[in-house]
1. I want the antiparallel fraction of DSSP beta bridges within the range 152-261, as a percent rounded to 5.
2. What whole-number distance in Å separates the alpha-carbon centres of the range 109-142 and the range 262-339?
3. Could you compute the FRET efficiency for Glu65 and Lys32, with r as their C-beta to C-beta distance and R0 at 45 Å, rounded to 0.05?
4. Rg to Rh ratio, the range 359-452, alpha-carbon atoms and Kirkwood radius?
5. For an R0 of 25 angstrom, estimate the FRET efficiency from the Cβ-Cβ distance between Asp288 and Lys419 and round to the nearest 0.05.
6. About the Cα centre of the range 192-320, how large is the charge dipole given +1 on each Lys and Arg Cβ and -1 on each Asp and Glu Cβ? Please answer in debye to the nearest 20.
7. Under the classification rounded if a/c is under 1.5, otherwise prolate if a/b is larger than b/c and oblate if not, where does the range 152-261 fall, given a ≥ b ≥ c as square roots of the Cα gyration tensor eigenvalues?
8. Packing-wise, with mean Cβ within 10 Å as the measure, how do 98-104, 411-417, 451-457 rank, highest first?
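Each reported figure results from applying straightforward, stated rules to the coordinates on display, with no laboratory input. Note that the structure is a prediction, hence the values are computed from the model and not measured. Cβ placement follows ideal geometry from the backbone for every residue including glycine, while neighbour counts extend to all protein chains displayed.
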Amino acid sequence: MKDLIIIGGGPGGYVAAIRARQLGMNVVLVEKDRVGGVCLNRGCIPTKSYYRNALAMRDICNSLEFNIQAENISFDMAGARERKNKIVSDLLAGIEKLLKSNGVERINGQAEVIDKNTVLVNGQYVQGRNLLLATGSVPASLPIPGIELPGVINSDQMLEMDRVPPRLAIVGGGVIGLEFACIFNSLGSQVEVFEYLPYLLNSLDNELGKRMLVFLKKQKINVHTSAWVEKVAAGHSFLKITASGKKGLIQSETDVVLVAGGRKPYVEGLNLEQLGIERDEAGFLKVDQSFATNIEGIYAIGDVIGGFMLAHVASEEGLAAVENMAGLHTRVHYHAVPACVFTIPEIASTGMSEEEARKQGIEYRTGKFQFAANGKALTMGEGQGMVKVLADKDDVIIGVHIIGPHASDLISEGTMMVKNQMKASEIAGVIHPHPTLGEALIEAVLDVHGQAIHLTPPGVK
């Protein structure tokens, strides 16, 4: 009898397995594919590999700004895919070594849950006192006629392309859709985005989506918001999209259609229906603060429970779940979850948006600072974007939102502020080195009380 059976070896499952071993549990990890989950194999890491290709190409194409002349530039997509696969392989080997060195037993195969203490894998029964479901998610399809046509693909298939499509249409203006839009635009595709809602990146502060729309248009990415894709049809060596937009019918020809309509929980073959595990209307598993389902001894974490469907959140939930099993009563600080979008420029956010604060009736003040006034950003040739800080009536920082260079690196400091409920007045005396991008963050904090040094006072021209 094992102390813990974990189904799913993604960033939630494998982290939970290692922490469980640190707590003295006898653990078996069941994974039918490769450890690392979507994040390592078909998500975060592969897209960031291509994102680096895109940034390099962008730098080369803009080299005249730095007085460098570059000619006869070409890009090898097949070679980029090989580089991506090598990075994934190296990281995969590292996780395998970590699991082995921590004494985590591994079983490769499809798991079927027989009861709360029994799992069937490869014809063998494995028994455990507790079961942790960390099976993740898969790309969601959309009910669009023609979506089954050749050339209409999801994000997993996009990562395996060996050529840059001349024309790329993307259905969905969320994180996945916009990251691919910026990547392939920089690599040479003519990109068009169709978003059903009025705003891009609708889960984030609306100002971020509005500013991102401007930056996308500057990059010659054609974006349609409030646009419903009615159908995809096959033409002669091309695909034709028909959509309803704010100004009427939109028809567009393209070579590839990427459907980036979100993700859904992956529970295929687990036998959860017969167990009676409660699920919400979208199919996500219901859990309490300890990540326990309604079935005693069965827990769930990560994308399969919905909420913040992010790798680092799944890892934190994995840690909390096994620590709760050990009686440590750990909670995840959902009020301070950092979210990063690797577009050009980057976006990062933590805490409340202005829309959330208003919806909850919270009085707040904002402080803003533009990267155009930051010396480091200008030397990098990346002076676009801004930092926005929200503080409530008690001066507690409740949200930090960034669009601009290295936003994903800067957000960690903002997350610390929000998580620890720090006051703007407490941050004011923290010295930030010069010249750095971090100065934009402290200036935004100072601006909450109108004390930013490098901002012209309001009303002064």
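1. Looking only at bridges with both residues in the range 152-261, the antiparallel portion is about 50 percent.
2. Comparing the Cα centres of the range 109-142 and the range 262-339, I get a distance of 14 Å.
3. The formula returns an efficiency of 0.40 here.
4. 0.96
5. Working from the Cβ atoms, E equals 0.70.
6. On the way: 13 positive and 17 negative charges, 200 e Å.
Roughly 960 debye, rounded to the nearest 20.
7. The shape class here is oblate.
8. 411-417, 98-104, 451-457
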